[in-house]
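What follows is calculated from the coordinates using simple rules that are stated; it is not laboratory data. Because the structure is a prediction, the values reported are computed rather than measured. Note that each Cβ is placed from the backbone with ideal geometry, even for glycine, and that neighbours are counted across all protein chains shown.
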Amino acid sequence: MSDAQPTRRSTARCPGVSVRRGRGRGAAMLGLATTALLSAGTVLMAQAPTAKGRTVWDGVYTEAQATRATAMFGASCSNCHTLTGEGNKPLAGDAFWQSHTQKTVGQLLTYVRTSMPNGANAGSLPPASYNDLLALILKSNGFPAGTTELAPETVADVLIVRKDGPGELPNNTLVRVVGCLTRSGSDWVLASATAPERVEATGVGPQDATRPLGSGTIALKFVLSRLDASLGKRMSVSGMLMGVGGVNGINVATVNKVAETCP
């Protein structure tokens, strides 16, 4: 099955298990395990991923870059943005974390290069200037400077996470989760689910059929098509988190079978 499901939410961007009798001991064990996990109607969130490799706390820009960008920010960006957590379209504080937690610095650089200055002039600055502007944004969020200048090739895989670890993704984040399709009451549920992964677009990821599964359980909300034929199979689901980390489930955008067996 590979059926896309519409969500009931839209986003705007600014600059228990039904076990069939006679199907064997394995299906019955799946039902018992799911009932235990979902007792009292509780849905467990998938555990947040552990940060691997370099992060923004490793010093990925230089002080010289942030200094060079100060005047340019004032001339080209300050009419629309602030470098604090308050004011119009802030680039620091809670707004920064809501938009960029668990993205890479490389992804953020691409966004800055294609969105600033706002409007018709987006992308009109020299490439080096965007590197410097991102350095200033990182400094404004309290990330330390280092000895190597920020550039696309140096930050492609640098992860944006809080100092104490990745934490949970915020409400209304577009994510992908992979797990075993099961059921609890009226809800379809993913068991053995991976942690929600922030994505830029809906659909199946390249490793979803073989990637290691997790220990989480997450409810699938607003599924509009029948999934009975995929019960117990490995599924890839994308959609919007409902509550921090998906505590209230995922508002499903797409649901696709990626393997016949699960786990």
- [ ] Assign one of three labels to segment 56-155, namely rounded, prolate or oblate, based on the Cα gyration tensor with a ≥ b ≥ c the square roots of its eigenvalues; rounded applies when a/c is under 1.5, prolate when it is not and a/b is larger than b/c, and oblate otherwise.
- [x] rounded
TODO: Report the full-extension gain for the segment residue 224 to residue 70: residue separation times 0.36 nm, less the Cα-Cα distance, to one decimal in nm.
DONE: 50.5 nm
Open item on the list: Through the Karplus equation 6.51 cos²θ - 1.76 cosθ + 1.60, θ set to phi - 60°, convert the phi angles of segment 140-146 into ³J(HN,Hα) values in whole Hz; use x for Gly and Pro.
Closed with: 5, 9, x, 7, x, 7, x
- [ ] Tabulate in residue order the Karplus-calculated ³J(HN,Hα) for segment 100-113, using 6.51 cos²θ - 1.76 cosθ + 1.60 with θ = phi - 60°, rounded to whole Hz; enter x for Gly and Pro.
- [x] 10, 3, 6, 7, 9, 5, x, 5, 5, 4, 4, 4, 4, 5
- [ ] Report the trypsin sites (Lys or Arg not before Pro) located in segment 123-219 that are in a DSSP loop and have at most 12 other Cβ atoms inside 10 Å of their Cβ, or state none.
- [x] 163
Task: lysines whose Cα lies under 26 Å from that of residue 233, excluding same-chain neighbours fewer than 8 positions away - done: 221, 257
- [ ] Would you grab the residues whose amide H sits under 5 Å from the one on residue 62? Only those 5+ places off in sequence or on another chain, please, with H modelled 1.01 Å from N.
- [x] 146, 150
Task: Unit charges at the beta carbon, dipole of segment 59-180: most positive-side option, 136, 74, 165 - done: 74
Task: Linear extension gain, residue 186 paired with residue 121, 0.36 nm per residue minus alpha-carbon span - done: 18.4 nm
TODO: Based on other C-beta atoms within 10 Å, arrange 215, 192 from fewest to most.
DONE: 215, 192
Task: residue 147 versus residue 233: modelled label distance in nm, points set 7 Å from Cα along the beta carbon direction - done: 5.4 nm
Open item on the list: For a quick check: sort 262, 80, 180 by the number of other beta carbons within 10 angstrom, fewest at the front.
Closed with: 80, 262, 180
Open item on the list: Using Cβ counts within 10 Å as a stand-in for footprinting exposure, how do 208, 132 rank, fewest first?
Closed with: 208, 132
TODO: Any chance you could run the full-extension gain for residue 94 through residue 207? It's 0.36 nm times the residue separation minus the Cα-Cα distance, nm to one decimal.
DONE: 37.5 nm
Open item on the list: With +1 assigned to the C-beta of every Lys and Arg and -1 to the C-beta of every Asp and Glu, and no other charges, what is the dipole magnitude of segment 56-155 about the Cα centre in debye, to the nearest 20?
Closed with: 220 debye
